[in-house]
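A short write-up of the structure that comes next.
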Amino acid sequence: MKFERPHLKVAQPKSAFAEGNRRWTNLDLDPVPRHMRKWGVVSFIAYWISDAFNAATWQFAAGIIAAGLSWRESLGIVGLGFFMVAIVIAFNGATGVIHHAPFPVIARASWGFWGSYIAIISRCILAVFWFAIQTMNGANTIRVMIGAIWPSFLTLPNHIPKSQGIDDATMTSFVIFWLLQLPFLYMHPNNLRWLFMAKSIIVPICFIAMLIWAFVSTDGGGELFAGKPTISGSAYSWAFLASLTSVQGNYATLSVNQADFSRYSRVSVKWQLMYVPMLPIVFTFISFIGIAASSAGAARYGTLEWDPMALIAHWDNRACRFFAAFSFALAALGVNISANSLSAANDFTALMPQYVNIRRGQLLCAVLSWCLVPWKILASAGSFLNFMAAYAIFLGPIAAIMLFDFWVVHARKYDTLALYQPHSIYRYTGGFNWRAVVAFLIGVAPNLPGFINGVNNNIDVGVGIHPYQFGWMLGFVSTALVYTGLEKVFPPRETFIERAVLPDEIYDARGEIEGVPVENEEGMDEMFGEKKGFRSRMERIL
């Protein structure tokens, strides 16, 4: 039986961090209160397994082998790349576990209240574009599924001009996949953990089944497994670095905004360290499945297909085609929500907290995906896709600034309440931390010639291409050194505090019981006990 407290006057839920002005935050942007932290160790393992098992991870090795390296080296590069990025994900994710605030809010401590918009808008644009493109990839899985049930669907008469880059069957599939996403976009992130758990069971079974098929159908052999590097010398070295950067770039986004998910954690921050050994193992294994299955397809059908949907299309068994495509559709759905829609939603919420919450932000992201006409992007704008993939050179410096500011410069001492106040200790100069801006520009500048060449290959930048080939690492390390140095030489003394102020202290001081503010101080003293002294705690914190 629930214990009743009739003497306590309970108010309606409201933001404990709004400070009387809803322009700066709302309930979704506030730190997650105790009763809303429902992600445990199993939830996070399911989340990462869910995120790893997708078509993009399957194809990681494709670009590396195409660059002239062997399958063994491609697996080594995938493992090394994820080991490095997993360290950054773990540290920036730990900040979210400690303060239970999303990435847009945590970024204010290092960038300044208004300066954080540089990082927020950069991440938001990237998330919306990738949501659109991943929805198009999901549409391709729906096309295969429907074609497996009704083969005539694949030969529907087309009424859309070829210049639009899409036909009737694919447009129908796009609409279906887009609509299927909507119920999940409306779900609260706490409830999404069940989706990730289901995906972490269903999709790996399909991937492992395809691995078994690969070895059974070719007696454990394949043309790729006998391959050797086709390049040597300096070309080999630069190809190795470029491939490593490509792998890191795929998850550079989560190295920045992992706090968007870790904020819901109810377990100790030390569990974030499990990412460091887990991510390289899981992602390398999935890349190996992609190599084995593509190799088996080449030996069996005479065509090397790196696209899993193209490989599945060769199968004669329609039921196998359907269920394999279904697993990839579920994989695309999970990735699009975890890596794109939720990230964009948190960014939109930070930009317009008066009007946008998590649900509205996700729906806004989904609507904007139509405006980007992703089928035309995939059909004709190869240079644009190169631009999106190259965006990692901007995310590496952002991740470095946030990591080193929290763990090195401020020694894990943030004031959570001040993060929600535009005129607080994190205002810096006019709301911008000039040290972060300078470090960011220095970290990005060496990569710009190669970035320009990546977008337009007709522009020759000479040796300027080489820094870009290890751009994420170069940007991360150089930005970290410059930012830390500037903070030590020109310290923003107002931002250094004696001890961290955590969200639970604020909630306790404001009088929250089970997520509902309580307006009776005497009742709170009774709840927390005389030893804690609610009134004295409130005076000390506020």
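The values are calculated or read from the model by the stated rules, or taken from the named source; none is laboratory data. As the structure is a prediction and not an experimental result, all values here were calculated from the model. Heads up, the Cβs are rebuilt from the backbone with ideal geometry, glycines too, and the neighbour counts pull from every protein chain shown. Ligands, DNA and RNA are stripped out before the accessible areas are found, and what is left, the full protein with its side chains, is counted by its heavy atoms. Shrake-Rupley method; radii C 1.70, N 1.55, O 1.52, S 1.80 Å.
How much length is gained on full extension from SER234 to GLU494, taking 0.36 nm per residue of separation minus their Cα-Cα distance?
Values: separation 260, 0.36 × 260 = 93.60 nm, distance 4.89 nm.
Separation in residues times 0.36 nm, less the Cα-Cα distance, equals 88.7 nm.
Starting from the Cα gyration tensor of segment 197-308, take the square roots of the eigenvalues, sort them a ≥ b ≥ c, and report rounded, prolate or oblate (rounded when a/c is under 1.5, otherwise prolate if a/b is larger than b/c, else oblate).
Numbers: a/c = 2.87, a/b = 1.41, b/c = 2.04.
It is oblate, given that a/c is not under 1.5 and a/b is not larger than b/c.
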Compute the separation of the alpha-carbon centres of segment 252-322 and segment 142-215 and state it in Å as a whole number. 16
Just to confirm a number: summing +1 for Lys and Arg and -1 for Asp and Glu over residues other than VAL409 whose beta-carbon lies under 13 angstrom from that of VAL409, what do you get? +3
In square angstrom, rounded to the nearest 10, how much accessible surface does THR245 have for a 1.4 Å probe? 20
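Express the Stokes-Einstein translational diffusion coefficient of segment 89-128 in µm² s⁻¹, to the nearest whole number, given a Kirkwood radius over alpha-carbon pairs, 37 °C and a viscosity of 0.692 mPa s. Let's see the in-between values first.
Details: Rh = 10.6 Å.
Translational diffusion coefficient: 311 µm²/s.
Taking the Cβ of TYR264 as the center, what net charge do the other residues with Cβ under 14 Å away carry, scoring Lys and Arg +1 and Asp and Glu -1? Working shown, then result.
Values: positive: ARG34, ARG37, LYS38, ARG193, ARG263, ARG266; negative: ASP28, ASP30, ASP260.
Net local charge, TYR264 excluded: +3.
Considering lysine pairs in the chain that are 8 or more places apart or on different chains, how many have Cα atoms under 18 Å apart? Show your work: numbers first, answer last.
Values: LYS38/LYS270; LYS162/LYS376; LYS270/LYS413; LYS413/LYS488.
Value for the chain: 4.
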Got a sec to turn the phi values of segment 473-490 into Karplus ³J(HN,Hα) couplings, 6.51 cos²θ - 1.76 cosθ + 1.60 with θ = phi - 60°, whole Hz, x for Gly and Pro? 5, 4, x, 5, 5, 5, 5, 4, 5, 5, 5, 4, x, 5, 5, 7, 7, 10
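For segment 406-485, build the convex hull from the C-alpha positions and give me its volume per residue in Å³. Spell out each step's value before the answer.
Details: hull volume 9.3 nm³, N = 80.
About 117 Å³ per residue, rounded to a whole number.
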Between VAL463 and TRP194, what is the spin-label point distance in nm, taking each point 7 Å from the Cα along the Cα→C-beta axis? 6.0
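Contour minus end-to-end for PHE153 and TRP315, with contour as 0.36 nm per residue of separation and end-to-end as the Cα-Cα distance?
On the way: separation 162, 0.36 × 162 = 58.32 nm, distance 1.71 nm.
The PHE153-TRP315 span can extend by a further 56.6 nm.
Need the full-extension length gain, LYS162 to ILE121, defined as separation in residues times 0.36 nm minus the C-alpha distance. One decimal, nm.
Values: separation 41, 0.36 × 41 = 14.76 nm, distance 3.39 nm.
Result for the pair: 11.4 nm of gain on full extension.
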Of every Cα-Cα pair in the chain, the percentage lying beyond 37 Å is 34
